[in-house]
1. Kindly provide the set of residues from region 55-86 that are hydrophobic (A, V, I, L, M, F, W, C), crowded, with 22+ Cβ neighbours inside 10 Å and either more than 13 Å from CYS44 (Cα to Cα) or free of Cβ contacts under 8 Å to residues at least 60 places away in the same chain (or both), ordered by number.
2. Among the listed residues LEU122, LEU161, LEU118, identify the single one that is assigned to a helix (DSSP H, G or I), within 17 Å of ARG208 (Cβ to Cβ), free of Cβ contacts under 8 Å to residues at least 60 places away in the same chain and touching a helix residue (DSSP H, G or I) at 6+ places or on another chain (Cβ under 8 Å).
3. Give me a count of the residues in region 165-200 that are surrounded by fewer than 20 Cβ atoms within 10 Å (Cβ to Cβ), touching a residue at least 24 places away in the same chain (Cβ under 8 Å), closer than 16 Å to LEU131 by Cβ and among the aliphatic types (A, V, I, L, M).
4. So, GLN205, is that one over 26 Å from GLY168 (Cα atoms) and not aliphatic (A, V, I, L, M) or not?
5. Is it true that GLY127 is at negative phi, among the small types (Gly, Ala, Ser) and at pLDDT 95 or above?
6. From the list ALA220, ALA203, exactly one residue is surrounded by 16 or more Cβ atoms within 10 Å (Cβ to Cβ) and either of a type in the set (A, V, I, L, M, F, W, C) or out of contact with any helix residue (DSSP H, G or I) (no Cβ under 7 Å at 6 or more places or on another chain) (or both). Which is it?
7. Is it the case, given these coordinates, that VAL143 is touching a strand residue (DSSP E or B) at 6+ places or on another chain (Cβ under 8 Å), β-branched (Val, Ile, Thr) and open to solvent by less than 10 Å² (accessible area, probe 1.4 Å)?
Amino acid sequence: MRLPASCQPGTLARRYKRFLADVVLADGQSLTVHCPNSGSMRGCSTPGSPVLISRADNPRRKYPWTLEMVREQGVWIGVHTGRTNHLIREALENGVIADFGALHTIVPEVPVAVGSRLDFRLETSGGTVFLEVKNCSLAEQGVALFPDAVTARGAKHLHELVRLAAAGYGAAVVFCVQRGDADRCAPAAEIDPVYAETVVWAAGQGVRFLAYRAEVGPQAIIVREKIPFSPSGFPAERR
């Protein structure tokens with residue numbers, strides 16, 4: 001996925017009120033930008049970090065600029081969660097993600113219960129697969145971790161996927177790791193133990209968990225490769 005030509009570099013001054021950030025441009029101008037990330041952004045919101053922002057085409061937006069990525073620990077980290085589904089769809093269509101057999105159709109934003117949607121329904125050579133996508137921006141000691149804040153919604157999605165798996169459908173979660181310094185992925189049990197426990201339970205009920213790492217840079221974000229995912233985490237000595 002190519003990033004908009006309007007992107008500009010800057011320096012993060014602060015992130016606040018969940019959906020706002022102040023960014024200082026090279027000429028000293030300060031902008032308040034939209035931060036499209038509802039998590040804590042732990043490990044990718046340190047004041048003074050280089051950032052990339054893009055300008056929206058919509059003239060009605062109160063904050064026309066959007067935070068796209070932050071550079072910390074020597075790597076660019078994609079924090080725009082609104083782009084995650086597009087990245088995974090692109091990877092599915094290009095055959096980078098080929099875990100579900102030959103892909104026939106992709107249906108986005110699929111209602112599965114009253115007030116509940118999953119990101120995709122895939123029609124494949126192996127049957128129907130319901131897929132939920134999660135953006136992963138947190139990594140510690142080489143392990144990408146999700147979530148970076150407590151997510152009751154994430155646990156709800158897992159229950160929906162278990163129900164669908166019991167009904168005979170394929171059911172899966174794909175974690176899109178938007179940083180290059182993680183070589184494996186696991187639930188963030190210390191941050192949200194309920195979600196982590198639900199992942200272990202869901203895996204035992206037939207829900208598949210996959211992780212794919214993206215190459216993140218100022219010009220483009222591209223899903224490149226599958227990395228190991230462990231529902232129960234990784235031994236400390238491997239970190």
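1. LEU67, VAL70
2. After applying the criteria, what remains is LEU161.
3. 1
4. Criteria not met by GLN205.
5. The answer is no for GLY127.
6. ALA203
7. In short, yes.
The values are calculated or read from the model by the stated rules, or taken from the named source; none is laboratory data. Nothing here was measured: the structure is a model prediction, and the numbers come from that model. Methodologically, a virtual Cβ is constructed for each residue, glycine included, from the backbone with ideal geometry; neighbour enumeration extends over all protein chains shown. Only protein heavy atoms, including side chains, enter the accessible area calculation; ligands, DNA and RNA are left aside. Shrake-Rupley method; radii C 1.70, N 1.55, O 1.52, S 1.80 Å.
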